[in-house]
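The values are calculated or read from the model by the stated rules, or taken from the named source; none is laboratory data. Just so we're clear, the structure is a prediction, and the values are computed from it rather than from any experiment. Methodologically, a virtual Cβ is constructed for each residue, glycine included, from the backbone with ideal geometry; neighbour enumeration extends over all protein chains shown. Accessible surface is based on the protein model in full, side chains and every heavy atom, while ligands, DNA and RNA are left aside. Shrake-Rupley method; radii C 1.70, N 1.55, O 1.52, S 1.80 Å.
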Amino acid sequence: MMRFLFWNIKKNSAVNEILRELARHHGIDLLAIAECPHEGQLLAAVNDVSEPLFHLTDSKRTRVSIYTAFPSEYLTSEYHDNTLTIRRLALPGKVEIVFAAAHLPSKKYRPTPADRHLIAQRVSEEIKRVEDRLGHSRTVLVGDMNMDPFEEAVVSAAGLHSAMTRGIARKGSREVFGKPYPFFYNPMWGRFGDTTSGPAGTYYWTGSRSVEYFWHTFDQVLVRPELLDSFQAESLRILEGCGNMSFLRESSIPDAGRVSDHLPVMFDLDI
Amino acid sequence: MATAVEDLWPADIESPPDQLAPITILKQQAAMLGRRTRNLLEAVVRTEDEDPPVAPLGDTTVRLPLGDQPVRLRHTLFLVAPALNFYRYRLLEASHAAVSLYPVTIRAGWERHLPTVVEQMAGTPHTRSASNEAEFKEVLRDIFAHEETKRIIGSLLAQSGEQHSQILDPSF
């Protein structure tokens, strides 16, 4: 069993100490951190007291820093650009998987749906290229997509092509205009609103437009059908605190000033 | 009818019971450094065939009688600073005959640059030698405790704690 945690920490070094507690409390094996302002300080913080020691892995230019509780030689880079890193995770005695982490551009700067679709399509194509090269699609994609699970770029065949149920995703792929497109399963569909366990989303934002969702689920975990049997759906959690420390304000929205405007997402893979 | 293949190898094939290989010792020490620095500074060992010495006045490569088999193995211990864009510093090299564990020739990375061909043939004055495991460990202890090694490690550690990630792209 391996435990993964993704978090956009909004360049807040104060979160370093929280990450140390999270890693120790939950027994995290892999930390993927977006908007990490200082990789060395975070490494020093998470390794300050706890065992095992984390290793900082080489993220090249990608804006996601990855720390592992196992030697970094087992997580090798297969592709990277500034928004996406795709790694081969091959631990001794465990099933090899593809671990991809992304931090896609904010809507504030890439406003059009066409732009977002183009970015999602590129992510999808690069992942497929790596899968073809490695000969399997045991892939998990995590990250701050800056899009909700229901947006076209996340759902469409040429985009991330993520389905809301395992039953649909298990079909493997879907043919559109004569070309097959592989599915992802997107379990974040099951984490919307206040009738599910945990917060209503991973990010809160409100404006003065006529349509406001308030809560967004930008931070997502997408799983390929070939890895579904290893994915522990009940383990997927949006964390709202650690010990006595809450990541939320009194109004129950993410505390952007003290912690981050995003909430961390944690899940297990039985590999 | 299938014929059983006879195993001609002796029953007692094993590594020398009382000697740790230089590469094993180097990897152990590499792991120790990570623990000591909480992985702010790590060390890795890379092994490669060592080019045989070249005769000074010609292009004839000196080889053992078996021809083109590598004569020696060279293990290089690199310091790696992950938070400094994975900067690598070659701390030391240890080489020995490919089919023997000892003697080992060791040279610290900070001692000098690559020796000239003539120095290589003659044996450079900065090269140390260890004829067994205990001597090899003693040489390593000496290099690790050297003021220059401590200065380099201290410098990399200090920078690892200060180096900020690249300026974040505002579009994220």
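Restricting the search to the range A:24-52, which residues are in a loop (DSSP other than H, G, I, E, B) and either at the interface with another protein chain (Cβ under 9 Å from one of its Cβ atoms) or within 17 Å of A:M266 (Cβ to Cβ) (or both)? Listed by number, the residues that qualify are A:G27, A:I28, A:D29, A:E35, A:C36, A:P37, A:H38, A:N47, A:D48, A:S50. Residue check: A:L222 meets all listed conditions (1) open to solvent by 80 Å² or more (accessible area, probe 1.4 Å); (2) at pLDDT 95 or above but one, namely (1).
State whether one or more residues within the range A:192-202 are over 16 Å from the mean Cα position of the chain (by Cα) and more than 30 Å from A:N16 (Cα to Cα). Checking the range A:192-202: at least one residue is over 16 Å from the mean Cα position of the chain (by Cα) and more than 30 Å from A:N16 (Cα to Cα). Of all residues in the range A:138-183, those that are within 21 Å of A:F231 (Cβ to Cβ) and open to solvent by 30 Å² or more (accessible area, probe 1.4 Å) total 14.
Residue under question is A:S260, and the condition is that it be outside any loop (DSSP other than H, G, I, E, B) and open to solvent by less than 30 Å² (accessible area, probe 1.4 Å); does it hold? So A:S260 fails the test.
Of the residues making up the range A:118-127, one or more are among the aliphatic types (A, V, I, L, M), open to solvent by 30 Å² or more (accessible area, probe 1.4 Å) and more than 20 Å from A:F99 (Cα to Cα). If you go through the range A:1-18 and keep only what is in a loop (DSSP other than H, G, I, E, B) and under 14 Å from the mean Cα position of the chain (by Cα), you end up with just A:I9. Beta carbons closer than 7 Å, at least 6 apart along the sequence or on distinct chains, pair a first residue in the range A:163-190 that is under 19 Å from A:I238 (Cα atoms) with a second that is outside any strand (DSSP E or B) and at pLDDT below 95 for A:G190/A:T196.
If you go through the range A:53-71 and keep only what is open to solvent by 10 Å² or more (accessible area, probe 1.4 Å) and facing chain B (nearest Cβ under 10 Å), you end up with A:L53, A:H55, A:D58, A:K60, A:R61, A:R63, A:P71. Checking each residue in the range A:92-125 for being away from chain B (no Cβ under 13 Å), free of Cβ contacts under 8 Å to residues at least 60 places away in the same chain and part of a loop (DSSP other than H, G, I, E, B) picks out A:P92, A:G93, A:E96, A:T112. Of all the listed residues (B:V139, B:V117), the sole one being at pLDDT 95 or above and either open to solvent by less than 50 Å² (accessible area, probe 1.4 Å) or out of contact with any Gly (no Cβ under 7 Å at 6 or more places or on another chain) (or both) is B:V139.
So that you can scan it fast, the table gives a plain yes or no per residue for (1) surrounded by 19 or more Cβ atoms within 10 Å (Cβ to Cβ); (2) at pLDDT 95 or above:
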site: A:T76; (1), (2): no, yes
site: A:N82; (1), (2): no, no
site: A:T85; (1), (2): yes, yes
site: A:H103; (1), (2): yes, yes
site: A:R133; (1), (2): no, yes
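Test A:E21 against the criterion of being in a helix (DSSP H, G or I), touching a residue at least 24 places away in the same chain (Cβ under 8 Å), away from chain B (no Cβ under 14 Å) and open to solvent by less than 50 Å² (accessible area, probe 1.4 Å), and give yes or no. Spell out the reasoning first.
Working: in a helix (DSSP H, G or I): yes; touching a residue at least 24 places away in the same chain (Cβ under 8 Å): yes; away from chain B (no Cβ under 14 Å): yes; open to solvent by less than 50 Å² (accessible area, probe 1.4 Å): no.
For A:E21, the condition - in a helix (DSSP H, G or I), touching a residue at least 24 places away in the same chain (Cβ under 8 Å), away from chain B (no Cβ under 14 Å) and open to solvent by less than 50 Å² (accessible area, probe 1.4 Å) - is not met.
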